[in-house]
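Trainee: What follows is a single structure, and I will ask about it in a moment.
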Amino acid sequence: MSDSVRILPLGGLGEIGKNMAVVEHDGRIVVVDTGLMFPTAEMLGIDLVLPDFSYLRERADEIEAIVLTHGHEDHVGALPFVLREIGMPPAIYGGPLTIGLVRSKLEEHRLRDAPLTVLDAGERVAAGPFEIETIHMSHSIPDARAVALHTALGAVLVTGDYRFDQTPVDGRPADIARLAELGSEGVLCLCGDSTNADRPGVVASESTVGPALL
């Protein structure tokens, strides 16, 4: 058994977009998200910006699963390109809405044999030396999840995009109780992703947006 866990951000670190992280343990890999980024004004002639996943081309046989935190393009948009380059992993996990959006995307790219699997929040599945658990979170799109990758050395928690909204549109706040339990159990590494979290103050609930649109 390996005495270490390696975490490699292939995109999304210090930028908005291209979210993709590799968690490696005991010679096996779980990938969290496969996002893209839309070009900026100076990127003339470029339609999409993809993360550099050349690391995975050399280790495609070591991938146990891809886990998708939510359905935004900056977290799932590169999936068709990743699958074309590295082939199909044993499983691709996500919530029901996320998997539905991804299935439609893969249909457009004629990738109909992808092993898409709905993983309900709170459910755990084994993936090589990992145990994958997803935790319900709040975000501007429903069905957002954090991903806890349990290993013999401890848990790696990748939050995905989130906010602590107590009155979200879908009526389901983030599962703070489970996050607290994980904290009590001990987390080996927390990979947090909440845009502008370093700015003071609290943003209004998403539920305040609807009345303003009427």
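Each reported figure results from applying straightforward, stated rules to the coordinates on display, with no laboratory input. Note that the structure is a prediction, hence the values are computed from the model and not measured. Here the Cβ positions follow ideal geometry from the backbone for every residue, glycine too, while neighbour counts run over all protein chains shown.
Trainee: By how many nm would the segment from residue 177 to residue 62 grow when fully extended, if each residue of separation counts as 0.36 nm and the alpha-carbon distance is taken off? Numbers along the way, then the final one.
Mentor: Details: separation 115, 0.36 × 115 = 41.40 nm, distance 3.33 nm.
Using 0.36 nm per residue and subtracting the Cα-Cα distance, I get 38.1 nm.
Trainee: Does the range 51-110 classify as rounded, prolate or oblate by the C-alpha gyration tensor (a ≥ b ≥ c root eigenvalues; a/c under 1.5 gives rounded; else a/b over b/c gives prolate, otherwise oblate)?
Mentor: In terms of gyration-tensor shape, prolate.
Trainee: Only residues of the range 17-40 count here: report those whose backbone N is under 17 Å from the spot 7 Å along Cα→Cβ of residue 189, or say none.
Mentor: Only 19-34 fall inside the zone, counting backbone N under 17 Å.
Trainee: Using modelled backbone amide H atoms (1.01 Å from N, in-plane), which distant-in-sequence or interchain residues come within less than 5 Å of residue 11's amide H?
Mentor: Amide H neighbours of residue 11, under 5 Å, 5+ apart: 20.
Trainee: Classify the range 52-172: rounded, prolate or oblate, from the alpha-carbon gyration tensor (a ≥ b ≥ c, eigenvalue square roots; a/c under 1.5 rounded; otherwise prolate if a/b is larger than b/c)?
Mentor: It is oblate, given that a/c is not under 1.5 and a/b is not larger than b/c.
Trainee: Just grab the label-to-label distance for residue 117 and residue 4, each label 7 Å out from Cα along the Cβ direction, in nm (one decimal).
Mentor: So the label points at residue 117 and residue 4 sit 2.9 nm apart.
Trainee: Under the 0.36 nm per residue contour assumption, what length would be gained going from the current alpha-carbon distance of residue 81 and residue 170 to full extension? Kindly include the intermediate steps, with their values, before the conclusion.
Mentor: Details: separation 89, 0.36 × 89 = 32.04 nm, distance 3.14 nm.
This chain segment gains 28.9 nm when fully extended.
Trainee: Given springs between every Cα pair under 10 Å in a Gaussian network model of the chain, which of 201, 77, 14 has the largest fluctuation?
Mentor: Per the Cα network of the chain with a 10 Å cutoff, 201 tops the list.
Trainee: Let me ask something else about it. Of the listed values (1) 26, 23, 17; (2) 39, 22, 14; (3) 41, 21, 17, grab the one calculated as semi-axes √(5λ) of the Cα gyration tensor in Å from the structure here.
Mentor: Comparing each candidate, only (1) matches the computed number.
Trainee: Right, another one. Which one of 129, 118, 152 is farthest out on the positive end of the charge dipole of the chain, using unit charges on Cβ (Lys, Arg +1; Asp, Glu -1) and the Cα centre as origin?
Mentor: Comparing the listed Cα positions along the dipole, 118 ranks first.
Trainee: What trypsin sites (Lys or Arg not before Pro) does the range 1-59 have in DSSP loop regions with at most 14 other beta carbons within 10 Å?
Mentor: 59
Trainee: Where in the chain are the DSSP H helices whose C-alpha atoms run 20 Å or more along the long axis and whose mean Kyte hydropathy is at least 0.5?
Mentor: Working: long enough: none.
The qualifying helices: there are none.
Trainee: Å³ per residue of the Cα convex hull, for the range 1-118?
Mentor: Cα-based convex hull of the range 1-118, divided per residue, equals 109 Å³.
Trainee: If exposed means no more than 15 neighbouring beta carbons inside 10 Å and the site is in a DSSP loop, what's the longest run of the chain without any exposed GluC sites (Glu not before Pro)?
Mentor: 124-214
Trainee: Using DSSP, restrict attention to beta bridges with both residues in the chain and report what percent are antiparallel, rounded to the nearest 5.
Mentor: Working: 29 of 43 bridges.
Here the antiparallel bridges make up roughly 65 percent for the chain.
Trainee: Within 11 Å, Cβ to Cβ, of residue 86, how many net charges do the neighbouring residues add up to if Lys/Arg are +1 and Asp/Glu are -1?
Mentor: Overall, the nearby charge balance is -1.
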